[in-house]
């Protein structure tokens, strides 16, 4: 192992250890704040060591914001070859499941729950939570927001700054607030992509 690899290995080990110490002394929520500051090399080892399921060849740009982890990252389930852009916000009140080879642009927000707080409005707008499921080979553009219950089927592309809710069929190209399907890949194109 060369010097550069040794330093890289030590850096990752140090950050995983620091997370563990902070979690023990200051609590999980405090340790979770480290994800906003550590180098991208340490993100995946920290997430995996604390319950996340992450496939091979994934890439994260930092900072990463995770909210409501509830003591672990077990609600985060990522396939292989996924790319997550900088300033991504992931609410883990429920599961966020992303399939293989999906790209997530910078500034994307995954919101798995709705809660107005303990205020009178709660009578009209009750608490809701649901998972977000993104199938393989999708792309979510810059600054999109995905709401609880969203399901993107394979080969779906969401344009930048869209508000996404509901289910989108395979091969959808969608955009807007709320996002609507603007066009669809034909069956021939889908078959070619699946090869």
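Taking the criterion of being within 15 Å of residue 45 (Cα to Cα), out of contact with any helix residue (DSSP H, G or I) (no Cβ under 9 Å at 6 or more places or on another chain) and surrounded by fewer than 17 Cβ atoms within 10 Å (Cβ to Cβ), the residues of the range 69-97 that qualify are 74, 80. Could you list, in sequence order, all residues of the range 1-32 that are surrounded by fewer than 14 Cβ atoms within 10 Å (Cβ to Cβ) and under 17 Å from the mean Cα position of the chain (by Cα)? None - no residue of the range 1-32 is surrounded by fewer than 14 Cβ atoms within 10 Å (Cβ to Cβ) and under 17 Å from the mean Cα position of the chain (by Cα), so the list stays empty.
Within the range 162-195, the residues that satisfy the criterion of being in a loop (DSSP other than H, G, I, E, B), in contact with a strand residue (DSSP E or B) (Cβ under 7 Å, 6 or more places away or on another chain) and more than 13 Å from residue 152 (Cα to Cα) are 162, 177, 178.
For the range 53-66, indicate whether the set of residues that are surrounded by fewer than 18 Cβ atoms within 10 Å (Cβ to Cβ) and under 11 Å from the mean Cα position of the chain (by Cα) is non-empty. For the range 53-66, residues surrounded by fewer than 18 Cβ atoms within 10 Å (Cβ to Cβ) and under 11 Å from the mean Cα position of the chain (by Cα): present.
Scan the helices (runs of 4 or more DSSP H) fully inside the range 1-117 and keep the ones with 2 or more residues being at pLDDT below 95 and under 17 Å from residue 144 (Cα atoms). I'd like the intermediate steps shown before the answer.
Working: elements: 3-26, 28-32, 40-49.
The helices (runs of 4 or more DSSP H) meeting that bar number zero.
Looking at residue 180, is it in the same structural domain as residue 63 (by TED's automatic domain parsing) and farther than 25 Å from residue 68 by Cβ? Even if it seems obvious, please write down each step before you answer.
On the way: in the same structural domain as residue 63 (by TED's automatic domain parsing): yes; farther than 25 Å from residue 68 by Cβ: yes.
When the stated conditions are applied, residue 180 passes them.
Just one of the listed residues (155, 125, 139) is free of Cβ contacts under 8 Å to residues at least 40 places away in the same chain, in the same structural domain as residue 183 (by TED's automatic domain parsing) and in contact with a helix residue (DSSP H, G or I) (Cβ under 8 Å, 6 or more places away or on another chain), namely 155.
Residue selection: residue 185 satisfies the criterion of being touching a residue at least 12 places away in the same chain (Cβ under 8 Å), surrounded by fewer than 19 Cβ atoms within 10 Å (Cβ to Cβ), touching a helix residue (DSSP H, G or I) at 6+ places or on another chain (Cβ under 8 Å) and assigned by TED's automatic domain parsing to the domain that holds residue 64.
The values are calculated or read from the model by the stated rules, or taken from the named source; none is laboratory data. None of the values given here were measured: they were computed from a predicted structure. Because the Cβ atoms are built from the backbone with ideal geometry, glycine has one as well, and the counts that use them run over all protein chains shown.
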